[in-house]
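What follows is a single structure, written as structure tokens, with notes after it.
The values are calculated or read from the model by the stated rules, or taken from the named source; none is laboratory data. Worth saying up front: this structure is predicted, and the values here are computed from it rather than measured. Positions of Cβ are backbone-derived with ideal geometry, glycine not excepted, and every protein chain shown enters the neighbour counts. The area values use the complete protein model at the heavy-atom level, side chains included, leaving out ligands, DNA and RNA. Shrake-Rupley method; radii C 1.70, N 1.55, O 1.52, S 1.80 Å.
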Amino acid sequence: MGAGSTHTPGILAALTAKADEIKMSELCLHDIEYDRVYHMGEFNRIYMSEHRPDIKTSWTTDLKEALTGADYVFIQIRPGRNEQRAVDEHTCYKHGLIGQETCGLGGFAFALRTIPAILEIVKTALEVCPNAWLLNYSNPEAMVSEAVYRTYPQAKMLCICDMPISQQEQVAAYLGYDEKDLTFKYFGLNHFGWYTNIYNKKGEDLLPQLREDVLSGKVTGLSASQDAGKLDDYWFKTFNNVIKGFKAYPDFMPLCYLQYYYFHDEMMEQFDHEFTRADSVLAGREITVYQECKRVIETQSAKDSYLVSGVHGNYIVDLASSIINDKRERFIVNVMNNGAIGNFNHDAVVEVPCYVGASGVEPVAVGYIPQFHKSLMEAQKGYEKLAVEACLEGSYDKALQAILLNKTVPSYRKGKEVLDDFLELNKDYWNQKFYK
Ligand code: G6P
Ligand code: MN
């Protein structure tokens, strides 16, 4: 689902490399946009015919057709595409606020576009492939997972994010380890979490040493990205801000996205308001990936294609493999808390390590968390839950309440100004009840 994403070729490469392990016999690509799914679908057909001619391929814009008979469904949709992501960012900047796609109010507008579309997919999946596992990357994952787990608790859906694994690979590289040889203890919400310990195979916790290196100034950044998708200036700054955040609040190592909440004014200074992240994705990846698909279709060969796997593709395929082969490997997943974090709302989605196998997820007990992290999470969770309710009910009042709870919003007036602009700019996507 959402096969028109520029991340699709990376996932195809990971699927192909592990096709035997995951027992893949057929792969169908779906997108609501004909032009995009045509290019990705044909790219896939050519790529598979060269690498795995035994695997049946197809593509379609018909949701039911795509889901019928599916055992595993990967979802990575972006209603409004990166064009609307750019609108979110510019709208927020206009009012002096951060409009990042998942953090701050950019995430709010995006959630209200994505949730209705995801619920439609899950509803259809429950009709035509009720036993399928639905593995979701679609953002903003924090609110998407709250909406789905609440609306369709019977769905076998796991909501994941590639950020923790990306950051773990960088930290592992700094520590001189392979990421797979370390056990990271972590808790939080999606794009809002912390690492408490990093154990090696001998059971030694390496986090205290890392903290010392940060506090003494020995390490100033995590710039050497292990991930080909995260090599540009935006990610360079973002990963360096992990060290800055760790130094500011040294109890635990923050996930990079906490930069937007710890350092709101610095973020306003660090990033370009005229040419935003979405603008740069639109001018870069959105063009080059499709140029490459067109070249492959023209030459009918993907043999020398540079569109290959990375962290993003491997992570979701490894998750599927852990279920298929009952490997019970450890992944960070967004799940209902149900006591995993002892002193946090049990009826709320949290992001914690889980062991994943044929029977589903078993979250790791995190225990009790400190007041500081708990309080930050409670405000953010209040924002997320109210945003989901605003979305499902089309409630302006709940939208306004949600917005004030987001830490990036300083006042009722600013929040309301942004919300009123968003309403105008999202008429094609948001719950129509807002407009009645
Ligand atoms: C990370 C996050 C994703 C997000 C992506 C955006 O991988 O975990 O949730 O979609 O970054 O990356 P981009 O290159 O589009 O800004
Ligand atoms: Mn993510």
- [ ] Go through region 250-271 and count every residue that is over 18 Å from the mean Cα position of the chain (by Cα) and either open to solvent by 20 Å² or more (accessible area, probe 1.4 Å) or touching a residue at least 24 places away in the same chain (Cβ under 8 Å) (or both).
- [x] 13
TODO: Keeping to region 203-238, report how many residues are among the hydroxyl-bearing types (Ser, Thr, Tyr), within 11 Å of ligand 1 (Cβ to nearest atom) and at pLDDT below 80.
DONE: 0
Task: Subset of region 117-136 that is touching a residue at least 60 places away in the same chain (Cβ under 8 Å) and either assigned to a strand (DSSP E or B) or buried (at least 22 other Cβ atoms within 10 Å of the Cβ) (or both) - its residue that is nearest to ligand 1 (Cβ to nearest atom) - done: Asn136
- [ ] Taking only region 202-240 into account, find how many residues are within 16 Å of ligand 2 (Cβ to nearest atom), open to solvent by less than 40 Å² (accessible area, probe 1.4 Å) and in contact (Cβ under 8 Å) with a residue 24 or more places away in the chain.
- [x] 5
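Conditions (1) assigned to a helix (DSSP H, G or I); (2) free of Cβ contacts under 8 Å to residues at least 40 places away in the same chain; (3) within 13 Å of ligand 1 (Cβ to nearest atom), marked per residue:
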site: Glu89; (1), (2), (3): yes, no, yes
site: Ile98; (1), (2), (3): no, no, no
site: Thr114; (1), (2), (3): yes, yes, yes
site: Ser138; (1), (2), (3): no, no, yes
site: Ser145; (1), (2), (3): yes, no, yes
site: Ala155; (1), (2), (3): no, yes, no
site: Gln168; (1), (2), (3): yes, yes, yes
Task: Single condition Glu274 does not satisfy, out of (1) open to solvent by 60 Å² or more (accessible area, probe 1.4 Å); (2) within 28 Å of Gly193 (Cβ to Cβ) - done: (2)
Task: Top-ranked residue of region 141-200 - restricted to ones that are open to solvent by less than 10 Å² (accessible area, probe 1.4 Å) and β-branched (Val, Ile, Thr), ranked as nearest to Val311 (Cα to Cα) - done: Ile160
Task: Hits in region 6-31 (condition: open to solvent by 20 Å² or more (accessible area, probe 1.4 Å) and either touching a Pro at 6+ places or on another chain (Cβ under 7 Å) or under 16 Å from Arg81 (Cβ atoms) (or both)) - done: His7
Open item on the list: If a residue counts only when it is farther than 17 Å from Val296 by Cα and out of contact with any strand residue (DSSP E or B) (no Cβ under 9 Å at 6 or more places or on another chain), which helices (runs of 4 or more DSSP H) contained entirely in region 1-73 have at least 2 such residues?
Closed with: 8-17
Open item on the list: Here is a check on your reading of the model: is Glu384 under 18 Å from Ile98 (Cα atoms) and crowded, with 21+ Cβ neighbours inside 10 Å?
Closed with: yes
Open item on the list: For region 408-428, give me each residue that is crowded, with 18+ Cβ neighbours inside 10 Å and outside any helix (DSSP H, G or I).
Closed with: Thr408, Val409, Asn426
- [ ] Determine which single condition Phe372 fails, assuming it passes every other condition in (1) open to solvent by less than 70 Å² (accessible area, probe 1.4 Å); (2) assigned to a helix (DSSP H, G or I); (3) out of contact with any Phe, Trp or Tyr (no Cβ under 7 Å at 6 or more places or on another chain).
- [x] (1)
